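**Q** Take a look at this one; I'll ask things after.
The values are calculated or read from the model by the stated rules, or taken from the named source; none is laboratory data. Everything numeric in this text was worked out from a predicted model, so none of it was measured. When we count neighbours, we look across all protein chains shown, and the Cβ atoms used for this are built from the backbone with ideal geometry, even at glycine.
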Amino acid sequence: MSENRQVGNSSTGMNGNSSNSAMDRVMNCQNLPSLPGVAMKVLELTSDRNVSAVEIANTIQNDPALTTKVLRTVNSSFYGLPSPCPSIKRATSLLGINTVKSIVLGFSLVESTKKSGLDKQFDMFSYWRRAVYSAAGARVIGMTLRRCDPEEAFIGALVQDIGVLAFAATLKREYDAVLTQASAEHELTGETERKLLGASHTEVGAKLAERWRLPPQVLECIRWHHEPERCAPSHTHLLRAVAAGGLAAAVLADTNDPRKLGRFVTTMREWAELDASASKQLLAQISEGAEQLAKNMEIKTGESADLSGLMFKAHEQMLATQEELQRESMELRKSNHELSRRTVTDALTGAFNRAHFDLALKAAFEKSNGERTPLTVIFSDADKFKSVNDSHGHQAGDAVLVELAHRFRETMNDLGVVCRYGGEEFAVIVPGADEARGLKVAELLRRRITAAPFDLSTVRPGLTLPVTVSLGVAAHDPAAGLTFGTPEELVHVADLGVYAAKQSGRNRVCKGESGQVAEKPAPTIKVLAIEDDPLASRLLAFLFEKHRGYALSFAPSAEAGLAVARTARPDIILCDLQLPGMSGLEAVRLVRGDAFLGGVPFVLLSASSDPGIVTAAAESGADQYIDKADLVSSFEKWVGVLADLAVNRKRAMAA
């Protein structure tokens, strides 16, 4: 809770009262609890460092009933004196002035609340249960840590919530509404107090402490016991003891919530470097001390805290938490594995994607060089794949690619890495295979593809297609003196093998010749993007930049794009549907009627979700319609489709 507003804040509370008026009402109330004269005199005397034990004793002895209570408490097990103490003077000498002062102040505060009649309208049982457990806790923690005066911690914890008593005595029903709305967690009560009254019990308590002339360190405990980090640096250890006492009280006053035990243990580990076992031992001492203190002060605090039951519940919760963490950890690992798999997997075919191929080949190439072991790359291209799309549609083409990947993976099993390189091209990395072995594996793949027609009944009932592939093989073998300078050169030679297989009739395996590296440059697909939105243009440029083999140019309008196309001769045109002047649909029709450009693949792009656009695009003559959002989210898939369109056109022209 943030107890951080100062007295005098003008925020408005219940019934329109500002915090000033609420504070005034409390401080001017005649029914406020007040300290007896003896207690006030003791506080005044103890503010003087030179006061004598005789002066303290004489003042207390003016109240015989108080004297009896003090001596009874001094001689109780709470203070553990080795022999009975017969007088206040002797008690002051043995235990110190602060101890006697804390006892006097405790009895005086109890007496003042009894006389105020608050017990008839306020839950004094819960108030004193928290106060007694907090005070006993602060004292035990102060004695254990030895970083502050335990008796000052005792007093600070005992009176920390006097602002609650002041509110209850003054505002009565208004404060009942606060307690009704406040959380069961005491730390959250201040938020409701500010919301409904405009001030918190810590602010009111600090004002009351000033009136009673309580010591500055006690006033700090009242003001900052919920936020010990905000107190004066000289009082940090004292405030931490008081705050920790409050956490101990929360544990012992409500042993049904093991989370409070966790909070106490965590705090003691942070503030005092105590382990869980030591913290639990502290709680046992605090519980025993609180029982004795309540008995001495004649306060009813209910049954003793059930520490054994609390520990059992905490253990059960710990086991449940561990099980939950294990379950979450397994789900997280599963999720991370799935995410990793998706990152390196082609969405359509389930084979590894181009990005994974590049990384895997680089690692295999370095290992081959380091260990002087052979490495083979097999490249595959589906024969006459464009005819599948043209005759049966892209859905049938997708089904063919899925089955190709399945047969490749099934054949290779764990012998190599199967990747979709792009479009209908697949690449296989075979570590440890020399050229002869690579050629045999490639032939095995070819036969597996041609062994049976592809069943495409999911696309159209009864549809089957014979599918063949052309394969190229290249081997990097340092021990045999057959080497390449880079993985890219190895890939290029394997691609040359595919080219040779196509040229010699398709459906065959050919070895790529390393001497041909410079004869056939890596193919570049020229893409013309007609797009008037600068942001969309930059996004397209960024997407294509990550894929080598593409040369991208732009035109801001259909008219400009067609002019560029006639001179640049693109392999594919991407065109936005909505353009200034001529629309994308009109541009398609013009291209299809142009003798020079008519065969250039034309793809329409749009951000619209209108289902009629797909039909209009097809009717206009566009080869493909792509939703812009889908293009960005599934670029790997669509870049393969674009490559298919461009490569198939090139091959059709070559034929």
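**Q** If the requirement is being more than 19 Å from V564 (Cβ to Cβ), touching a residue at least 24 places away in the same chain (Cβ under 8 Å) and surrounded by fewer than 17 Cβ atoms within 10 Å (Cβ to Cβ), which of these qualifies: G599, G621? Don't jump to the end; show me each part of the working.
**A** On the way: G599 fails: more than 19 Å from V564 (Cβ to Cβ).
Within the list G599, G621, the selection yields G621.
**Q** Which one of the conditions (1) modelled with pLDDT of 90 or more; (2) in a helix (DSSP H, G or I) does L105 fail to meet, given that it meets all the rest?
**A** It is condition (1) that L105 fails.
**Q** Among the residues in region 408-417, are any at pLDDT below 95, surrounded by 22 or more Cβ atoms within 10 Å (Cβ to Cβ) and under 20 Å from D346 (Cα atoms)?
**A** Checking region 408-417: at least one residue is at pLDDT below 95, surrounded by 22 or more Cβ atoms within 10 Å (Cβ to Cβ) and under 20 Å from D346 (Cα atoms).
**Q** Here's something else I'd like to know. Could you please find all residues in region 269-284 being surrounded by 19 or more Cβ atoms within 10 Å (Cβ to Cβ) and within 25 Å of E303 (Cβ to Cβ)?
**A** Answer for region 269-284, where residues must be surrounded by 19 or more Cβ atoms within 10 Å (Cβ to Cβ) and within 25 Å of E303 (Cβ to Cβ): S279, K280, L282, L283.
**Q** Which of the following residues is more than 20 Å from Q395 (Cβ to Cβ) and in a helix (DSSP H, G or I): A618, A629, A595, A643?
**A** Details: A618 fails: more than 20 Å from Q395 (Cβ to Cβ); A595 fails: in a helix (DSSP H, G or I); A643 fails: more than 20 Å from Q395 (Cβ to Cβ).
Of A618, A629, A595, A643, the one residue that is more than 20 Å from Q395 (Cβ to Cβ) and in a helix (DSSP H, G or I) is A629.
**Q** Also, quick follow-up: Just one of L597, L642 is modelled with pLDDT of 85 or more and of a type in the set (A, V, I, L, M); which is it?
**A** Values: L597 fails: modelled with pLDDT of 85 or more.
Going through L597, L642 in turn, the sole match is L642.
**Q** Among S583, S608, which is the only one that is surrounded by 16 or more Cβ atoms within 10 Å (Cβ to Cβ), among the hydroxyl-bearing types (S, T, Y) and more than 24 Å from T524 (Cα to Cα)? Working first, answer last.
**A** Numbers: S608 fails: surrounded by 16 or more Cβ atoms within 10 Å (Cβ to Cβ).
After applying the criteria, what remains is S583.
**Q** Oh, and also: Among residues belonging to region 449-472 that are hydrophobic (A, V, I, L, M, F, W, C) and touching an Asp or Glu at 6+ places or on another chain (Cβ under 7 Å), point out the one that is farthest from P374 (Cα to Cα). Give the derivation first.
**A** In the first step, residues of region 449-472 are kept if they are hydrophobic (A, V, I, L, M, F, W, C); the result is 449, 451-452, 454, 456, 459, 463, 465, 467, 469, 471.
Now drop any that are not touching an Asp or Glu at 6+ places or on another chain (Cβ under 7 Å), which leaves 454, 469.
On the way: F454: 34, V469: 25 Å.
The qualifying residue farthest from P374 (Cα to Cα) is F454.
**Q** When you scan region 431-480, how many residues do you find that are assigned to a helix (DSSP H, G or I) and either of a type in the set (S, T, N, Q) or farther than 19 Å from N413 by Cβ (or both)? Steps first, please.
**A** Here is the first cut: in region 431-480, the ones assigned to a helix (DSSP H, G or I) are 435-450, 478-480.
Checking the rest, the ones that are also either of a type in the set (S, T, N, Q) or farther than 19 Å from N413 by Cβ (or both) come to 435-436, 450, 478-480.
Summing the residues that are assigned to a helix (DSSP H, G or I) and either of a type in the set (S, T, N, Q) or farther than 19 Å from N413 by Cβ (or both) in region 431-480 gives 6.
**Q** Being farther than 26 Å from F385 by Cα and out of contact with any strand residue (DSSP E or B) (no Cβ under 7 Å at 6 or more places or on another chain), is that true of even one residue in region 612-627?
**A** Checked region 612-627: at least one residue is farther than 26 Å from F385 by Cα and out of contact with any strand residue (DSSP E or B) (no Cβ under 7 Å at 6 or more places or on another chain).
**Q** So the check is Cβ under 6 Å with 6+ separation or different chains; which pairs have a first residue in region 408-422 that's on the phi < 0 side of the Ramachandran plot and a second one that's of a type in the set (D, E, K, R)?
**A** Once the first residue is on the phi < 0 side of the Ramachandran plot and sits in region 408-422, its partners that are of a type in the set (D, E, K, R) give T411/R448; V418/R409; R420/D346; Y421/R354.
**Q** Between a residue in region 128-154 that is assigned by TED's automatic domain parsing to the domain that holds I103 and any residue that is part of a helix (DSSP H, G or I) and among the aromatic types (F, W, Y), which pairs come within a Cβ distance under 9 Å, given they are 6 or more apart or on different chains?
**A** Short answer, once both residue conditions are applied: A135/F154; A136/F154; A138/F154; R139/F154; G142/F154; L145/W271.
**Q** Do we find that L482 is assigned by TED's automatic domain parsing to the domain that holds V388 and modelled with pLDDT under 90 in this structure?
**A** Details: assigned by TED's automatic domain parsing to the domain that holds V388: yes; modelled with pLDDT under 90: yes.
Considered against the rule, which asks whether it is assigned by TED's automatic domain parsing to the domain that holds V388 and modelled with pLDDT under 90, L482 comes out as yes.
**Q** Restrict the check to region 522-533 and report whether at least one residue is of a type outside the set (D, E), surrounded by fewer than 22 Cβ atoms within 10 Å (Cβ to Cβ), part of a loop (DSSP other than H, G, I, E, B) and at pLDDT 90 or above.
**A** no
**Q** Just to be sure I understand the filter: pairs with C-beta atoms under 8 Å, separated by 6 or more residues or on different chains, first member in region 161-172 and among the polar types (S, T, N, Q), second member part of a helix (DSSP H, G or I). Which pairs pass?
**A** Listed pairs, sorted by first residue: T170/R25; T170/V26.
**Q** Within region 481-502, can you find the residues that are of a type outside the set (G, A, S) and in a helix (DSSP H, G or I)? Give the steps one after another, and end with the answer.
**A** Residues of region 481-502 that are of a type outside the set (G, A, S), as a first pass: 482-484, 486-493, 495-496, 498-499, 502.
Correct list: P487, E488, E489, L490, V491, H492, V493, D495, L496, V498, Y499, K502.
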